[in-house]
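The values are calculated or read from the model by the stated rules, or taken from the named source; none is laboratory data. These figures come from a predicted structure and were not determined experimentally. Note that we place each Cβ from the backbone using ideal geometry, even for glycine, and neighbour counts take in every protein chain shown. Heavy atoms of the whole protein, side chains included, go into the accessibility calculation; ligands, DNA and RNA do not. Shrake-Rupley method; radii C 1.70, N 1.55, O 1.52, S 1.80 Å.
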Amino acid sequence: MFRRKNDEIEVLLAHPGGPFFVREDDGVWTIPKGEAAPGEDLLTRAQIEFEEELGFRPENVQQWIELGWIQQKGGKIVHAWAFEGDLPEPFECKSNLFELEWPRRSGKYQSFPEVDRACFFSDKAARRKLKSRQVPFLDRLRVALADRNADSTRSRATIS
């Protein structure tokens, strides 16, 4: 999700929940994402994951912008889409939960949210916060929006 604020683009990023990233900030934020089953429609899965990780279903999305895919350090392939929107006021991140043995080797399991925070960041801040392998999505969003603006400018010029 992205929004326009003061003629700038801000992107929504999610901070991973659980005990491993509690004190981590720069370089650990991510786009909301999840795993698709073989043959599952990737855009549909992305929409479901967005809602599951943030507890919010975007309504009236005008256009989904395909941003392609990247491969993370661990080998996972991430496909991404963007859309323009904003979080409702007030917003509270309500992510689905996962179970983890914690503390390690204790035999005790605890539930943790997949995402503990979601915030909008400027392009500059997002590049610092985001996992490095996901930064190309920011570049692709910029290109897609520039292309869209150029197309609408050409369309208006043709109408005049």
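The single condition from (1) at pLDDT 95 or above; (2) assigned to a loop (DSSP other than H, G, I, E, B); (3) not β-branched (Val, Ile, Thr) that residue 111 fails is (2). Yes or no: residue 106 assigned to a loop (DSSP other than H, G, I, E, B), under 22 Å from residue 20 (Cα atoms) and touching an Asp or Glu at 6+ places or on another chain (Cβ under 7 Å)? Judged against the criteria, residue 106 is not a match. Residues that are touching a residue at least 40 places away in the same chain (Cβ under 8 Å) and of a type in the set (Gly, Ala, Ser) within segment 94-124 comprise 95, 118, 122, listed in sequence order.
Among strands (runs of 3 or more DSSP E) entirely within segment 1-75, having at least 1 residues that are open to solvent by less than 50 Å² (accessible area, probe 1.4 Å) and among the aliphatic types (A, V, I, L, M) singles out 8-16, 65-71. Scanning segment 103-115 for residues being farther than 24 Å from residue 4 by Cβ and surrounded by 15 or more Cβ atoms within 10 Å (Cβ to Cβ) gives a total of 3. Can you find, within segment 76-90, the residue that is most open to solvent (accessible area, probe 1.4 Å) among those that are assigned to a loop (DSSP other than H, G, I, E, B) and farther than 18 Å from residue 16 by Cβ? Once the filter is applied, the top-ranked residue is 89.
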